[in-house]
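Q: Take a look at the following structure, please.
Values quoted throughout were computed directly from the atomic coordinates according to the rules given, and no laboratory measurement underlies them. Note that the structure is a prediction, hence the values are computed from the model and not measured. So basically every Cβ, Gly included, is an ideal-geometry build from the backbone, and we count neighbours across all protein chains shown.
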DNA sequence: CAGTTATTATTACCAACTGTTAATAGCAGG
DNA sequence: CCTGCTATTAACAGTTGGTAATAATAACTG
């Protein structure tokens, strides 16, 4: 079967686009040593959109991603929220969350989901993390759905203790205790000391 | 002078593209109530590139931004590195690191700079954060240069204690102690317990 | 050799431009 | 009122990177 060559080329094509999605059909044709027409047929059977569509898509979710982290303020999707009590967030991971070239989810993304949730669960105007203790129990892998559950514990004046547990399926991968500080009113005034000791266990 | 109208339109055009850079000349023409030709002239005097070039540019620095987090594996720039001993990283902040609409730097970015540096300073193949204690001492603001210094402390088998201190100018804004675990060889084997207790002080 | 599949080439078409040239509208000064 | 100037619009050819459809060719297969 000479379709083996075709299958190989298809894989090569996908791999090429994986490393550089901004290649034109002509670029691909040169790289793979076939005609532009063949590339078009290949793209069509592989359901790979044209260069300009790929570019547009990248541009679109680039802006949505940046603003979603900046403005929505939470990493993951909040699916339950009882202010000052508990909150649940789900984060569907993909390769972008991976650590280096591995399938492992980098720890700082797990932290970020937890920390932003800990802040979101407190219903005060200005809230920041003062301190935290975090424990990574198991690895999470690309494709895992991280479910973080935040519970508000004791609170004294403007300091709240929020514990967050993150799991994948039934496996608990992460446990943390955040000391979250509410600085009602202007944020610029008492910027002197926000953390203090996090000894609350 | 009726060129005042022109100047106003130019400002409106730039503002429109500021909120949505993916508008075509036709879109802009409709929005501003002029012909497509006028938009072309406007773009030309304002040195605004065409839609496809803008899209491409966004896609390009989107991928460079994502890969800079993914592949370079470190948030910030490492300016000094003595493996298994100490490391220094500098992170020039901007509005993208801000918390909500404020000028404050969100805590998880400070964490990320520290955690990725703690990992980078350990010269082993597979390294992950097992646990951490973090303390946010002062706020950091948009524009601040965060200088993180990681010091490797005791280590026992595959567990290293790395302490990281982050400062802005002379002010220490963040202190953390990471338990970093090296899992030399395959990462898929001992995924059972990576953290353990972080009680090391 | 006929049949099938893969590949290539050809043609017409499109969007979103560039660049150039020409026509028109609107006002200002002499 | 006419001339000159600017701003705007229109009109046309050319470019890139495609789609869609069709035909021609190559290459292997039974």
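Q: State whether region A:88-147 is rounded, prolate or oblate according to the following rule on the C-alpha gyration tensor (a ≥ b ≥ c being the square roots of its eigenvalues): a/c under 1.5 gives rounded; otherwise a/b larger than b/c gives prolate, and the remaining case gives oblate.
A: prolate
Q: Between residue B:54 and residue A:142, what is the spin-label point distance in nm, taking each point 7 Å from the Cα along the Cα→C-beta axis?
A: Taking the two extended label points, one gets 3.3 nm.
Q: Additional query: Assign one of three labels to region A:74-182, namely rounded, prolate or oblate, based on the Cα gyration tensor with a ≥ b ≥ c the square roots of its eigenvalues; rounded applies when a/c is under 1.5, prolate when it is not and a/b is larger than b/c, and oblate otherwise.
A: prolate
Q: Would you mind getting me the FRET efficiency between residue B:84 and residue A:5? Use the beta-carbon distance for r and R0 = 60 Å, nearest 0.05.
A: With R0 = 60 Å, the Cβ-Cβ based efficiency is 0.75.
Q: In addition: Taking a label point 7 Å from Cα toward Cβ, how far is residue B:103 from its twins in the other copies, in nm, shortest first?
A: Those separations, rounded to one decimal, come out as 4.7 nm.
Q: How crowded by other chains is B:175-183, given as the mean number of beta carbons from other chains within 10 Å of each beta carbon?
A: Average per residue, whole number: 2.
Q: Then there's this: Say a label goes 7 Å from Cα toward Cβ at residue A:27 in every copy; what distances in nm does this one have to the rest, shortest first?
A: For residue A:27, the inter-copy label distances come out at 2.3 nm.
Q: Let me confirm one metric for peptide A:108-115, namely the mean number of other chain beta-carbon atoms within 10 Å of its residues' beta-carbons.
A: 5
Q: Modelled label-to-label distance, residue A:92 and residue B:156, 7 Å Cα→beta-carbon offset: nm?
A: For the pair residue A:92/residue B:156, the computed spacing is 4.3 nm.
Q: Other chains' Cβ within 10 Å of B:46-59 residues: what's the mean?
A: Whole-number average of other-chain Cβ neighbours for B:46-59 is 3.
Q: Full extension from residue B:15 to residue B:47: what is 0.36 nm times the residue separation minus their Cα-Cα distance, to one decimal in nm?
A: 10.1 nm
Q: Taking the label point as lying 7 angstrom from Cα along the Cα-to-Cβ axis, what are the distances from residue B:81 to the corresponding position in the remaining copies, in ascending order and in nanometres?
A: Distances to the matching label points in the other copies: 3.9 nm.
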